[in-house]
Amino acid sequence: MNTVKTFVLMLVLSGILIIAGYLTGGMTGLIVAVILSLGLNFFTYWSSDKLALRMAGAHEVTEEDDRELHQIVDEQTSQAGIPKPRVYIINSDSPNAFATGRNPKNAAIAVTTGIRRLLNRDELSAVIAHELAHVGNRDTLIMTMVATMAMAIGLMAYIGYFMSFFRRSGGYGALAGIGGMLIVWLVLPFVATLIRMAISRSREYDADATGARTSRNPHAVASALEKLEMGTQRSPMKVNEATAHLFIVNPLSGGSSHGHTHNSLSGGGFSRLFSTHPPIQDRVKRLREMRIGW
């Protein structure tokens, strides 16, 4: 089912990119956008994991470098019934983690030095189980492809914005051109962002539940999320906004896309619409209510 969802999602995002290309440069822009879309889809499928890890500044660690981390990954992959992914460390005080890769056989998990210091073993195991759930559900491919396409659409928006300054002819054609530029600059990136955020929110709930079942410890997942929220709010992580949805909690602000998880808007649909992650309190509540059979 996830394969079908991935295909449909990439068609939608590719369509947005192609429309942006046409509105920016007419038929020439359309052709360029089609080529760019095909190239990005191919590149993202085969190389998106390397790109995500490089952008995060992650480096691979061996068992000799961090024996406990590898033991935890071994335990949780055995529970999840998937191949062991490559293990990476990000030198950042901000506590966080993410998974990437096109399938379970070509996956990687990255954790920050901050999360290694902050969480106890049970909580770290729960985080690893959460990330392995993304791998097992093939969310890693979907989420990384969404991040890449979102960045491409954002780039097209900037091109459209600068090209609008060169449209100086008067009359209806100028108005139509300006209208097209506004669509490229404002509407299409907005739509792409909503898609990216909606995908991320639904995947996080699923991964929380799967991770809790795999680790057999929903309370450890909940405790980890609460600590990570506080930790990332104290020490936000410098990452590209288009990749924020890859992490277990929003690296820019912790619990929500704007860094305010308990304000008057946090329970409203408008606030949640613009969040890359579900509110931490909602995720924790669901986990606390879970019953795992032993």
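The values are calculated or read from the model by the stated rules, or taken from the named source; none is laboratory data. Remember, it's a predicted structure, so these values are computed and weren't measured experimentally. Here the Cβ positions follow ideal geometry from the backbone for every residue, glycine too, while neighbour counts run over all protein chains shown.
Considering (1) touching a strand residue (DSSP E or B) at 6+ places or on another chain (Cβ under 8 Å); (2) part of a helix (DSSP H, G or I); (3) at pLDDT 95 or above, the lone condition that Leu53 does not fulfil carries the number (3). Counting only residues that are closer than 20 Å to Gln79 by Cα and of a type in the set (A, V, I, L, M, F, W, C), region 193-247 holds 7 of them. If you check Met10 against the conditions, is it part of a helix (DSSP H, G or I), modelled with pLDDT of 80 or more and under 17 Å from the mean Cα position of the chain (by Cα)? For Met10, the condition - part of a helix (DSSP H, G or I), modelled with pLDDT of 80 or more and under 17 Å from the mean Cα position of the chain (by Cα) - is not met.
Condition check ((1) buried (at least 22 other Cβ atoms within 10 Å of the Cβ); (2) outside any helix (DSSP H, G or I)) across all residues:
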site: Ala110; (1), (2): yes, yes
site: Asp122; (1), (2): no, no
site: Val127; (1), (2): yes, no
site: Leu132; (1), (2): yes, no
site: Thr140; (1), (2): yes, no
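Criterion first (assigned to a loop (DSSP other than H, G, I, E, B), surrounded by fewer than 19 Cβ atoms within 10 Å (Cβ to Cβ), modelled with pLDDT under 90 and within 16 Å of the chain's Cα centre (by Cα)) does His277 satisfy it? For His277, the condition - assigned to a loop (DSSP other than H, G, I, E, B), surrounded by fewer than 19 Cβ atoms within 10 Å (Cβ to Cβ), modelled with pLDDT under 90 and within 16 Å of the chain's Cα centre (by Cα) - is not met. Per the listing Thr77, Thr44, the residue uniquely crowded, with 19+ Cβ neighbours inside 10 Å, of a type in the set (S, T, N, Q) and closer than 18 Å to Ile195 by Cβ is Thr44.
Answer yes or no: is there a residue in region 151-165 that is part of a loop (DSSP other than H, G, I, E, B), at pLDDT below 75 and either touching a Cys at 6+ places or on another chain (Cβ under 7 Å) or not small (Gly, Ala, Ser) (or both).
no
Within region 199-253, take every residue that is of a type in the set (S, T, N, Q) and without any contact (Cβ under 8 Å) to a residue 60 or more places away in the chain and give me the one that is surrounded by the fewest Cβ atoms within 10 Å (Cβ to Cβ). Steps first, please.
The first filter runs over region 199-253 and keeps only residues of a type in the set (S, T, N, Q), leaving 200, 202, 210, 214-215, 217, 223, 232-233, 235, 240, 243, 250, 253.
Narrowing the set further to residues that are without any contact (Cβ under 8 Å) to a residue 60 or more places away in the chain leaves 202, 233, 250, 253.
Values: Ser202: 12, Gln233: 19, Asn250: 29, Ser253: 21.
The qualifying residue surrounded by the fewest Cβ atoms within 10 Å (Cβ to Cβ) is Ser202.
For His258, the stated conditions do not hold, so it cannot be described as more than 27 Å from Leu9 (Cβ to Cβ), modelled with pLDDT under 75 and surrounded by fewer than 19 Cβ atoms within 10 Å (Cβ to Cβ). Residues that are closer than 20 Å to Gly57 by Cα and among the hydrophobic types (A, V, I, L, M, F, W, C) were ranked within region 223-239; the one that is modelled with the lowest pLDDT is Val239. Summed over region 97-116, residues that are under 17 Å from Leu225 (Cβ atoms) and out of contact with any helix residue (DSSP H, G or I) (no Cβ under 6 Å at 6 or more places or on another chain) total 5.
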